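What follows draws every value from the coordinates through simple rules; no lab data is involved. Here the structure is a predicted model, which means the values were calculated and not measured. Quick reminder, even Gly has a Cβ in these numbers, built from the backbone with ideal geometry, and neighbours come from all protein chains shown.
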Amino acid sequence: MVVFEDILIRILNIFYGASIFFLIAVGLNLIYGVMKLVNLAHTALFAFGAYIVAGTLMKILAGFVELPVGFLIVIPPIAAGLTVLAVSGAISPLLTYAARKSEDVQLILTFGLLLIFEDMFRGLWGPVPVVSNEAYMRSGMFSLGGSQYPLYNIYVMIFVGGMVIALWLFLHKTRVGMLFRATSMDIEMTSALGADVRKVIIGAILIAGLLAGLGGGLYVPAASATLGMSIEYLVYAFVIIVIGGLGSFVGSLIGSFIVSALRTLSLAFFPELELALLYVVAIAILLIKPEGLGGGKGW
Amino acid sequence: MVIVIKRNPLIEEISYLYIIIAILALAYPLVFSFLRGWDTILTYGIIWAIAALGFNILYGYTGLLSFGHALFLGLGGYAAGFMLKYLGVRDLELYILGGAVASLVIALAIGSVVVRYTRIFFAILMLAIAQVFWSLYYKFYWITGGSDGIKIPRPNILGIPSGSLDAITYQYIFYYYSLALLFILGYIMWRIVNSPLGIALRAVKDNETRASFIGFSITKLRLYAFLLSAVYVGIAGSLLAVHSRIITPEQAFWTSSGKIVFMTILGGSGYFLGPIIGAIIYNFIESIAMKYVYWQLIMGSIIIAIIAVMPKGLISVIEKIIGYREIKIQPKQYMQKGGDRS
């Protein structure tokens, strides 16, 4: 039965990885959808969330005696999400400025922003990786036959699963969500029909920031916050977007799963070729279906 | 009736390339004797200028922004490293040739695929491919030396054995060698961008659809620009590894790609000389900024400020000083006959 457990654990890992990827990719796609801006600095917001939880919140919370696990796994990520929401609100003028420029200038501007973020992390939290796995450790394990699997990962999957449903409901069942979808389909027409698209754009930036910060906060207890993390995840996020299709909700979901699956499997069987495999798949999809697997379906 | 045409001497006259090369040739002994330590930075500037010049045929002239040109810097560097490690080659000329050929071969292999994409997709694809190579340099450490890289001792230049030169003479020779290379490659590039091919490339950048209606093969033209830029950056990669005396995966990392983009924008991608000036100034700014811990912050702020304040790059300041030249043309008789509607 060892083989069966092995497969089950791999599947759980794929779901876990996809959960984290989704929170990054959906924000990137949302911003691209409504303002046609490819924001290279987006994964820096994810790293920001991770740093806030590991470097600041957990240090403060460590001062209190024995907080319940339930508190540790819920409050810090949400606090990180809200902080990053504020940060992305602060950078939104730059993003809207960049969105008015041509695409190459957008890439360069947001790349400059990424550099600034990276050094901010270095300044605020130092050059060494920040580890804070209390929430992860204290969540405990559950046994799968002979092996152990961390409960924290299960929690993340459930949390993100809830977010996926909530986001879908928001986009499809509310009036504001409809405005988001309309703006990403045709911004001029939406504007002409009387919707305030500037508010939609700001809203998209804030939601993307919230999700990225949340993702960072959920991710960090099981790993660590490091410099260069923004770039590492930027590379994954781009592969997700290429596979799933730019500006698509379904695409972010499909892309996250495929990238997570490829990553889990290649790390298990041929770790040297992990990135190479990801890109070969991305290039193949670009060649066969340039609009991505979820492309054309919109939100 | 007289027609007045505005001409931009910075874009249309090669004499400014000669002026820059002459200034750089005269500057080195001065920098060497009065600004100790900066001479190496100047040499780096020359080498990066070759890379940026090659990059700009793709970005400034053809309109394809690549975030992965460190791929070719890495290939050039590792070509030199492998030639030394496995073949025992000690000649700079062969390193450069190896770097150019390696870049050309890989560029041919990936180029036919990537040039079908433009804008963000091209940028991402190039970033992705460059990162694959970077990860391979790291992971296959038994071939590439991993993060320790391959050390490259002083090579023989123009057949002169490296052992027979003292350090200062070597530095002088290496500088003027690189400068001569920049001049030759710059001259070739000038001829190319002003040839029918170069004009066709600009047509592709300005309006892809119209260019294809005229009968140009867009992918072919883009591929030519891609190959050309790969060769230039590959050569720069070999020189860079030789000048640093080591090739590590760092040279192929995305930050190097960012550097090339950055210096081109800094100088002005719309001008032939923009990348050259940008590369030299960038290396000076960077080495000043690197004295501080937060140099990325400084560089990031500078890049945003430049885009906001001087979107055409530093060279546009020179343009303002020189100004445009007005050329008056007397239209010929036959043009006046048929076309006078006033």
> Would you list B:Thr40, B:Thr209 from fewest to most Cβ contacts within 10 Å?
Replying inline: B:Thr209, B:Thr40
> the range B:279-324 to the range A:198-226: how many Å between their Cα centroids?
Replying inline: 31
> How many Cβ atoms of partner chains, on average, are near each residue of B:115-125 if near means within 10 Å of its Cβ?
Replying inline: 5
> Tilt of helix A:151-173 relative to the longest C-alpha principal axis of chain A, in degrees (0 to 90, nearest 10)?
Replying inline: 20
> Considering only Cα-Cα distances, which of the following residue pairs are longer than 29 Å: A:Lys36/B:Lys320; B:Lys139/B:Lys312; B:Lys85/B:Lys139?
Replying inline: A:Lys36/B:Lys320; B:Lys139/B:Lys312
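For a Förster distance of 56 Å, can you work out the FRET efficiency between the beta-carbons of A:Ile60 and A:Ala192, rounded to the nearest 0.05?
Details: r = 49 Å, r/R0 = 0.87.
Computed FRET efficiency for A:Ile60 and A:Ala192: 0.70.
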> Given labels modelled 7 Å from the Cα in the Cβ direction, how far is it in nm from B:Val101 to B:Arg210?
Replying inline: 4.3
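Kindly put A:Lys101, B:Lys259 in sequence by how many other C-beta atoms sit within 10 Å of each C-beta, fewest to most.
Going from least to most buried by this count: A:Lys101, B:Lys259.
Rounded to the nearest 0.05, what FRET efficiency is calculated for B:Gln330 and A:Ile154 with R0 set to 51 Å and r the Cβ-Cβ distance?
Efficiency computed from Cβ-Cβ geometry: 0.05.
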> For chain A, what is the relative contact order in percent, using Cα pairs closer than 8 Å and at least 6 residues apart in sequence?
Replying inline: 35
> On a 0 to 90 degree scale, rounded to 10, what angle separates helix A:229-244 from the longest Cα axis of chain A?
Replying inline: 60
> Can you run phi through the Karplus equation (6.51, -1.76, 1.60; θ = phi - 60°) for the range B:169-180 and list ³J(HN,Hα) in whole Hz, with x for Gly and Pro?
Replying inline: 4, 4, 4, 4, 4, 4, 4, 5, 4, 5, 5, 4
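Remind me, relative contact order of chain B in percent, using alpha carbon pairs under 8 angstrom and six or more residues apart?
It comes to 36 percent, rounded to a whole number.
Would you work out the charge dipole size for the protein assembly as shown about its Cα centre, treating the Cβ of every Lys and Arg as +1 and the Cβ of every Asp and Glu as -1, and quote it to the nearest 20 debye?
With only Lys, Arg, Asp and Glu charged at Cβ, the dipole is about 1460 debye.
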> What residues have an amide H closer than 5 Å to that of A:Leu293, excluding those fewer than 5 places away on the same chain, when H is modeled at 1.01 Å from N in the peptide plane?
Replying inline: A:Gly244, A:Gly245
>> If you fit an axis through the alpha-carbon atoms of helix A:249-269 and take the longest principal axis of the Cα set of chain A, what angle between them do you get, 0 to 90°, nearest 10?
In response: 40
> What is the Cα centroid distance between the range A:38-110 and the range B:108-172, reported in whole angstrom?
Replying inline: 35
>> Tell me whether the range A:73-225 comes out rounded, prolate or oblate; compute the Cα gyration tensor, take square roots of the eigenvalues as a ≥ b ≥ c, and use a/c under 1.5 as the rounded threshold.
In response: oblate
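Quick check on the protein assembly as shown: of the DSSP beta bridges with both residues there, what percent are antiparallel, nearest 5%? Don't jump to the answer; show the numbers that get you there.
Working: 14 of 15 bridges.
If we restrict to bridges inside the protein assembly as shown, about 95 percent are antiparallel.
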>> What distance in nm lies between label points placed 7 Å from Cα along the C-beta direction at B:Arg202 and A:Glu5?
In response: 7.0
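Looking only at chain B, where both bridge partners belong to it, what percent of the DSSP beta bridges are antiparallel (to the nearest 5)?
90
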>> Over the range A:214-257, what is the relative contact order in percent, taking alpha-carbon pairs closer than 8 angstrom and at least six residues apart?
In response: 24
>> With 10 angstrom as the radius, rank A:His172, B:His69, B:His243 by how many other C-beta atoms surround their C-beta, starting from the fewest.
In response: A:His172, B:His243, B:His69
> How long is the gain from B:Tyr187 to B:Ala27 if the chain were fully straight, where each residue apart is worth 0.36 nm and the alpha carbon distance is subtracted?
Replying inline: 55.6 nm
